[in-house]
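Student: Sharing a structure here in structure tokens format.
Only the coordinates and a few stated rules stand behind these numbers; no lab work does. In this text the structure is predicted, and so the values were computed from the model without any measurement. Quick reminder, even Gly has a Cβ in these numbers, built from the backbone with ideal geometry, and neighbours come from all protein chains shown.
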Amino acid sequence: MLFSLLKIRRRTVNLFQDKSCYSSALTTCHRYALMVVFLPFRKQKMFKRFMKKEEEGPNEQAEAGTESNSENPVSETVASEPVDELEQLKIDKAEMHDKYIRLYSEFENFKRRTAKEKIELIEYAGRDIIVSLLPVVDDFDRAMKSVEMAADITAVKEGIDLISGKFKNILDQRGLKPIESIGKEFDIDFHEAITNMPVEDESQKGKVIDEVEKGYLLGDKVIRFAKVVVGN
């Protein structure tokens, strides 16, 4: 029995001396069991140190691999962030430039269109009024021809009255109204005093007794003041 134990012990020592052999042949539990039973004290200490290094090695390599793998994405992210920000800034700049060009073009078109409309408004502002007055001009032409051949002055007068009424009606449709002045109190907002004349009637003092030139309102605005004579 003793001889068998010594023989097993010798074979076990030979296995431990060959590291590649015992690493592949024995499990950790078997190694510790053989170490306790067969190895001397000094060999046990050496074996413990070796097993500790062997167990820590793979863990350190795994941790180093994990750290390297965990650091690489961070570095890639840090490196990619400035690139992404730069690309986004370029895109934003291009969009802002495009918007500026479009707005500038629209504003230039608006200025040209507004200037053209303003010129047309100034040139053709009285077009509608002129067109409405053309029938009156035609009536005056016909009246002048009839005056040359007319024997009755009364008919000529009636024709002129009709033309005058037509002309005043057109002006009234356009918002033109005469300022009533005779017998009214003198008002500097509507009247322009040409001269003063003494009056015997006290009720006529400060009032308009004569009108030299009629005044007109266009809507509610005075476009010509009435030139009047005021009683004093």
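Student: Rg and Dmax of region 115-232 over Cα atoms: what are they, in angstrom?
Tutor: Cα only, region 115-232: 19.6, 61 Å (Rg, Dmax).
Student: Test of the criteria: in region 160-217, which GluC sites (Glu not before Pro) are in a DSSP loop and have at most 11 other Cβ atoms within 10 angstrom of their Cβ? Mind showing how you got there, number by number?
Tutor: Working: sites: GLU180, GLU185, GLU192, GLU200, GLU202, GLU211, GLU213; in loops: GLU180, GLU200.
Those satisfying the criteria are GLU200.
Student: So who's got an amide H within less than 5 Å of the one on ASN232, skipping anything under 5 residues away but keeping other chains? H placed 1.01 Å off N, in plane.
Tutor: MET197, VAL199, GLY206
Student: Still on this model: Using the Karplus curve 6.51 cos²θ - 1.76 cosθ + 1.60 with θ = phi - 60°, work out ³J(HN,Hα) for each residue of region 168-182 in order, rounded to whole Hz, and write x for Gly and Pro.
Tutor: So the J values, rounded to whole Hz, are 5, 5, 5, 5, 5, 5, 8, x, 8, 10, x, 8, 7, 10, 4.
Student: Given THR154, LEU133, GLY175, which one lies farthest toward the positive end of the charge dipole of region 124-183, if we put +1 on the Cβ of every Lys and Arg and -1 on the Cβ of every Asp and Glu?
Tutor: So the residue we want is GLY175.
Student: Quick check on the exposure proxy: order HIS97, HIS191 from fewest to most C-beta atoms within 10 angstrom. Don't jump to the answer; show the numbers that get you there.
Tutor: Details: HIS97 10, HIS191 21.
Fewest-to-most ranking of HIS97, HIS191: HIS97, HIS191.
Student: Can you give the FRET efficiency to the nearest 0.05 for LEU121 and VAL147, using r as the Cβ-Cβ distance and R₀ = 30 Å? Present the calculation step by step, with values, prior to reporting the outcome.
Tutor: Details: r = 39 Å, r/R0 = 1.31.
That gives a FRET efficiency of 0.15.
Student: Excluding ASP187 itself, calculate the net charge of residues whose Cβ lies under 14 Å from the Cβ of ASP187, where each Lys or Arg counts +1 and each Asp or Glu counts -1. Present the calculation step by step, with values, prior to reporting the outcome.
Tutor: Values: positive: LYS184, LYS207, LYS227; negative: GLU180, GLU185, ASP189, GLU192, GLU211.
Here the count lands on -2.
Student: Identify the chymotrypsin sites (Phe, Trp or Tyr not before Pro) of region 99-186 meeting these criteria: DSSP loop state and at most 12 other C-beta atoms within 10 Å of the C-beta. The partial results should precede the final answer.
Tutor: Working: sites: TYR100, TYR104, PHE107, PHE110, TYR124, PHE140, PHE167, PHE186; in loops: TYR124, PHE186.
Qualifying residues, ordered by number: TYR124.
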